[in-house]
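Enquirer: Got a structure for you, written out below as C-alpha coordinates; questions coming shortly.
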Amino acid sequence: MKFKFFFIIVLPVFLLFSCSSTVSSFDKSKKILSNNYLSGNSIAIYDGINDSSFVKLTDFSSDFIFDMKYATEDNFLKSKVYDCEECYLRLKTIKNLIQANEEFKALGYQIKIFDCYRPLDVQKKMWEIMPNADYVANPARGSIHNRGGAIDITLVDAKGKELEMGTDFDFFGLEASHNYANSSKKVKQNRLLLKSIMLKHNFKSFDSEWWHYNLNDSTKDKIANFKWECP
(Lines give C-alpha, C1' and ligand atoms only; values in the text may rest on other atoms or scores of the structure.)
Protein backbone atom coordinates (compact mmCIF):
# COMPACT_ATOMS: atom_id res chain seq x y z
CA MET A 1 0.00 0.00 0.00
CA LYS A 2 2.83 2.40 0.85
CA PHE A 3 4.43 1.74 -2.53
CA LYS A 4 1.15 2.39 -4.35
CA PHE A 5 0.63 5.59 -2.36
CA PHE A 6 4.15 6.78 -3.20
CA PHE A 7 3.59 5.97 -6.90
CA ILE A 8 0.31 7.90 -6.98
CA ILE A 9 2.02 11.01 -5.55
CA VAL A 10 5.21 10.81 -7.62
CA LEU A 11 3.58 10.10 -10.99
CA PRO A 12 1.64 13.40 -11.26
CA VAL A 13 4.73 15.33 -10.15
CA PHE A 14 6.82 13.58 -12.80
CA LEU A 15 4.20 14.22 -15.48
CA LEU A 16 3.96 17.89 -14.48
CA PHE A 17 7.72 18.32 -14.68
CA SER A 18 7.89 16.40 -17.96
CA CYS A 19 5.09 18.45 -19.58
CA SER A 20 6.61 21.71 -18.35
CA SER A 21 9.96 20.74 -19.82
CA THR A 22 8.37 19.77 -23.13
CA VAL A 23 6.41 23.04 -23.38
CA SER A 24 9.53 25.03 -22.58
CA SER A 25 11.49 23.14 -25.24
CA PHE A 26 8.69 23.64 -27.76
CA ASP A 27 8.54 27.39 -27.09
CA LYS A 28 12.31 27.62 -27.53
CA SER A 29 12.18 25.75 -30.83
CA LYS A 30 9.28 27.88 -32.00
CA LYS A 31 11.24 31.05 -31.18
CA ILE A 32 14.28 29.82 -33.11
CA LEU A 33 12.06 28.87 -36.06
CA SER A 34 10.39 32.27 -35.95
CA ASN A 35 13.75 34.05 -36.00
CA ASN A 36 14.90 31.97 -38.94
CA TYR A 37 11.58 32.63 -40.64
CA LEU A 38 11.99 36.38 -40.38
CA SER A 39 15.57 36.30 -41.60
CA GLY A 40 14.77 33.98 -44.49
CA ASN A 41 17.18 31.27 -43.33
CA SER A 42 14.68 28.45 -42.83
CA ILE A 43 13.50 26.28 -45.69
CA ALA A 44 11.15 24.39 -43.35
CA ILE A 45 8.98 27.43 -42.81
CA TYR A 46 7.97 27.35 -46.47
CA ASP A 47 6.66 23.78 -46.21
CA GLY A 48 3.08 23.45 -47.35
CA ILE A 49 3.13 26.66 -49.40
CA ASN A 50 3.26 26.28 -53.16
CA ASP A 51 6.09 28.24 -54.80
CA SER A 52 3.60 29.93 -57.12
CA SER A 53 1.31 31.08 -54.29
CA PHE A 54 0.96 34.82 -53.68
CA VAL A 55 2.12 35.78 -50.20
CA LYS A 56 2.79 39.02 -48.34
CA LEU A 57 6.47 39.87 -48.01
CA THR A 58 6.13 41.26 -44.47
CA ASP A 59 4.84 37.85 -43.34
CA PHE A 60 8.26 36.44 -44.20
CA SER A 61 10.70 39.24 -43.43
CA SER A 62 10.85 42.48 -41.47
CA ASP A 63 14.12 43.54 -43.08
CA PHE A 64 12.88 45.57 -46.05
CA ILE A 65 12.20 49.28 -46.42
CA PHE A 66 9.03 50.29 -48.27
CA ASP A 67 8.12 53.34 -50.31
CA MET A 68 5.26 52.05 -52.42
CA LYS A 69 5.03 54.83 -54.96
CA TYR A 70 1.78 53.82 -56.63
CA ALA A 71 -0.06 53.91 -53.30
CA THR A 72 0.68 57.67 -53.40
CA GLU A 73 0.64 60.43 -56.01
CA ASP A 74 4.45 60.57 -55.93
CA ASN A 75 4.94 58.74 -59.22
CA PHE A 76 5.16 59.54 -62.92
CA LEU A 77 1.39 59.14 -63.31
CA LYS A 78 0.77 61.71 -60.55
CA SER A 79 -2.06 59.42 -59.46
CA LYS A 80 -2.69 56.99 -56.61
CA VAL A 81 -3.62 53.67 -58.23
CA TYR A 82 -3.37 51.35 -55.19
CA ASP A 83 -5.89 51.65 -52.37
CA CYS A 84 -3.19 51.02 -49.80
CA GLU A 85 0.47 50.07 -49.44
CA GLU A 86 1.24 46.33 -49.55
CA CYS A 87 3.84 44.09 -51.17
CA TYR A 88 2.63 40.74 -52.45
CA LEU A 89 4.71 38.43 -54.65
CA ARG A 90 4.80 34.76 -55.52
CA LEU A 91 6.58 32.74 -52.83
CA LYS A 92 9.45 31.80 -55.15
CA THR A 93 10.08 35.49 -55.81
CA ILE A 94 10.07 36.27 -52.10
CA LYS A 95 12.49 33.47 -51.25
CA ASN A 96 15.06 34.75 -53.73
CA LEU A 97 14.48 38.36 -52.72
CA ILE A 98 15.06 37.58 -49.03
CA GLN A 99 18.31 35.78 -49.87
CA ALA A 100 19.49 38.77 -51.89
CA ASN A 101 18.61 41.14 -49.05
CA GLU A 102 20.56 39.00 -46.59
CA GLU A 103 23.65 39.47 -48.75
CA PHE A 104 23.08 43.22 -48.98
CA LYS A 105 22.63 43.40 -45.21
CA ALA A 106 25.99 41.73 -44.68
CA LEU A 107 27.49 44.64 -46.63
CA GLY A 108 25.62 47.27 -44.61
CA TYR A 109 22.71 47.88 -47.00
CA GLN A 110 19.02 47.02 -47.33
CA ILE A 111 16.61 46.72 -50.21
CA LYS A 112 14.04 49.50 -50.48
CA ILE A 113 10.95 48.55 -52.46
CA PHE A 114 8.90 50.82 -54.73
CA ASP A 115 6.54 48.28 -56.32
CA CYS A 116 5.72 44.55 -56.20
CA TYR A 117 2.79 42.55 -57.55
CA ARG A 118 0.32 44.68 -59.47
CA PRO A 119 -3.26 43.44 -60.10
CA LEU A 120 -4.36 43.49 -63.74
CA ASP A 121 -7.14 45.97 -62.93
CA VAL A 122 -4.48 48.39 -61.66
CA GLN A 123 -2.51 47.83 -64.86
CA LYS A 124 -5.65 48.79 -66.80
CA LYS A 125 -6.07 51.90 -64.67
CA MET A 126 -2.46 52.90 -65.36
CA TRP A 127 -3.01 52.33 -69.09
CA GLU A 128 -6.06 54.59 -69.02
CA ILE A 129 -3.94 57.35 -67.51
CA MET A 130 -0.91 56.73 -69.74
CA PRO A 131 -1.76 54.64 -72.84
CA ASN A 132 1.83 54.53 -74.04
CA ALA A 133 3.79 51.27 -74.13
CA ASP A 134 7.03 53.20 -73.65
CA TYR A 135 5.91 53.93 -70.09
CA VAL A 136 3.23 51.41 -69.14
CA ALA A 137 2.83 47.77 -70.20
CA ASN A 138 -0.30 47.24 -72.27
CA PRO A 139 -2.74 45.26 -70.05
CA ALA A 140 -3.76 43.23 -73.10
CA ARG A 141 -0.32 41.67 -72.86
CA GLY A 142 0.24 42.18 -69.15
CA SER A 143 3.53 42.69 -67.34
CA ILE A 144 5.72 40.64 -65.02
CA HIS A 145 4.37 42.83 -62.20
CA ASN A 146 0.95 41.31 -62.98
CA ARG A 147 2.51 37.85 -62.67
CA GLY A 148 4.06 38.40 -59.24
CA GLY A 149 7.63 38.06 -60.48
CA ALA A 150 8.77 41.70 -60.80
CA ILE A 151 10.02 44.18 -58.24
CA ASP A 152 11.15 47.80 -58.40
CA ILE A 153 13.91 48.47 -55.88
CA THR A 154 16.92 50.47 -54.78
CA LEU A 155 19.40 50.22 -51.89
CA VAL A 156 19.67 52.23 -48.68
CA ASP A 157 22.61 52.48 -46.30
CA ALA A 158 22.60 51.88 -42.53
CA LYS A 159 21.09 55.33 -41.98
CA GLY A 160 18.26 54.69 -44.44
CA LYS A 161 19.70 56.99 -47.10
CA GLU A 162 19.22 55.85 -50.69
CA LEU A 163 22.38 55.09 -52.63
CA GLU A 164 22.98 57.41 -55.56
CA MET A 165 21.64 55.75 -58.70
CA GLY A 166 21.78 58.66 -61.13
CA THR A 167 18.03 59.14 -61.60
CA ASP A 168 14.84 58.91 -59.59
CA PHE A 169 12.68 55.81 -59.71
CA ASP A 170 10.47 55.82 -62.84
CA PHE A 171 12.64 58.27 -64.71
CA PHE A 172 12.10 57.37 -68.35
CA GLY A 173 15.19 58.61 -70.10
CA LEU A 174 18.54 57.32 -71.33
CA GLU A 175 20.13 58.16 -67.98
CA ALA A 176 18.11 55.39 -66.29
CA SER A 177 19.65 52.67 -68.44
CA HIS A 178 22.23 50.24 -67.09
CA ASN A 179 24.17 50.93 -70.27
CA TYR A 180 24.25 54.72 -69.94
CA ALA A 181 27.93 55.57 -70.42
CA ASN A 182 27.91 59.05 -68.89
CA SER A 183 26.88 58.05 -65.37
CA SER A 184 29.33 59.01 -62.64
CA LYS A 185 31.74 56.42 -61.30
CA LYS A 186 29.80 56.26 -58.02
CA VAL A 187 26.48 55.69 -59.80
CA LYS A 188 28.01 52.93 -61.92
CA GLN A 189 29.40 51.25 -58.79
CA ASN A 190 26.06 51.43 -56.96
CA ARG A 191 24.09 50.10 -59.91
CA LEU A 192 26.61 47.31 -60.39
CA LEU A 193 26.37 46.37 -56.70
CA LEU A 194 22.59 46.14 -56.96
CA LYS A 195 22.66 44.29 -60.25
CA SER A 196 25.40 41.77 -59.44
CA ILE A 197 23.76 40.51 -56.26
CA MET A 198 20.27 40.42 -57.75
CA LEU A 199 21.54 38.40 -60.73
CA LYS A 200 23.29 36.06 -58.32
CA HIS A 201 19.93 35.34 -56.69
CA ASN A 202 18.00 34.33 -59.79
CA PHE A 203 16.79 37.71 -60.99
CA LYS A 204 17.47 39.44 -64.28
CA SER A 205 17.72 43.16 -64.89
CA PHE A 206 15.75 45.35 -67.26
CA ASP A 207 18.21 47.33 -69.36
CA SER A 208 16.34 50.64 -69.55
CA GLU A 209 15.34 50.75 -65.85
CA TRP A 210 18.07 50.32 -63.21
CA TRP A 211 15.39 49.70 -60.51
CA HIS A 212 13.44 46.90 -62.22
CA TYR A 213 14.19 43.19 -61.69
CA ASN A 214 12.31 40.09 -62.86
CA LEU A 215 12.61 36.64 -61.38
CA ASN A 216 13.98 34.25 -64.01
CA ASP A 217 11.28 32.32 -65.89
CA SER A 218 8.50 34.44 -64.34
CA THR A 219 7.08 35.08 -67.82
CA LYS A 220 5.68 31.55 -67.61
CA ASP A 221 3.41 32.46 -64.69
CA LYS A 222 -0.18 33.48 -65.27
CA ILE A 223 -1.39 37.05 -65.05
CA ALA A 224 -3.28 37.62 -61.79
CA ASN A 225 -5.90 40.07 -60.63
CA PHE A 226 -6.48 39.41 -56.94
CA LYS A 227 -6.62 42.43 -54.63
CA TRP A 228 -5.37 42.55 -51.06
CA GLU A 229 -7.50 43.86 -48.23
CA CYS A 230 -6.69 47.28 -46.84
CA PRO A 231 -6.80 48.00 -43.07
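The values are calculated or read from the model by the stated rules, or taken from the named source; none is laboratory data. Source: prediction; values computed, not measured. Cβ atoms come from the backbone with ideal geometry, glycine included; neighbour counts cover every protein chain shown. Protein only, heavy atoms only, side chains kept; ligands, DNA and RNA dropped before computing areas. Shrake-Rupley method; radii C 1.70, N 1.55, O 1.52, S 1.80 Å.
Enquirer: Rounded to the nearest whole Å², what accessible area per residue is found for the stretch 87-231 with the 1.4 Å probe?
Expert: Working: 7090 Å² over 145 residues.
Per residue, the stretch 87-231 has an accessible area of 49 Å².
Enquirer: Okay, next question. Computed on alpha carbon atoms, what radius of gyration and Dmax characterise the stretch 84-231, expressed in Å?
Expert: Answer for the stretch 84-231, Rg first and Dmax second: 15.3, 45 Å.
Enquirer: If you don't mind, another one. Across the stretch 208-219, in residue order, what do the Karplus-derived ³J(HN,Hα) couplings come to in whole Hz, using 6.51 cos²θ - 1.76 cosθ + 1.60 with θ = phi - 60° and x for Gly and Pro?
Expert: Working through the residues one at a time gives 8, 9, 4, 8, 9, 9, 10, 5, 4, 6, 6, 5 Hz.
Enquirer: Shape of the stretch 67-121 from its Cα gyration tensor (a ≥ b ≥ c, root eigenvalues): rounded if a/c is under 1.5, otherwise prolate when a/b > b/c, or oblate?
Expert: Since a/c reaches 1.5 but b/c is at least a/b, the shape of the stretch 67-121 is classed as oblate.
Enquirer: Moving to a separate point now. Mind scanning K159/K204; K56/K92; K69/K161; K112/K159; K78/K220; K105/K222 and naming the pairs with a C-alpha gap bigger than 21 Å?
Expert: Over 21 Å Cα-Cα: K159/K204; K78/K220; K105/K222.
Enquirer: Which part of the stretch 93-113 falls in the paramagnetic zone of T72, meaning amide N under 15 Å from the point 7 Å along Cα-to-beta-carbon?
Expert: Only 112-113 fall inside the zone, counting backbone N under 15 Å.
Enquirer: Related question: Across the stretch 105-176, what fraction of all alpha-carbon pairs, as a whole percent, falls in each successive 10 Å bin from zero upward?
Expert: Binned Cα distances yield the sequence 18, 39, 30, 12, 1.
Enquirer: Going from most exposed to least, what order do S196, S183 have by accessible area with a 1.4 Å probe?
Expert: Of S196, S183, the descending order of accessible area is S196, S183.
Enquirer: Taking amide hydrogens as modeled 1.01 Å from N in the peptide plane, which residues meet the under 5 Å criterion relative to Q110, leaving out close sequence neighbours?
Expert: V156
Enquirer: If we count every other residue with Cβ under 14 angstrom of A181's Cβ, Lys/Arg +1 and Asp/Glu -1, where does the sum land?
Expert: That sum, taken over residues with Cβ under 14 Å, equals +1.
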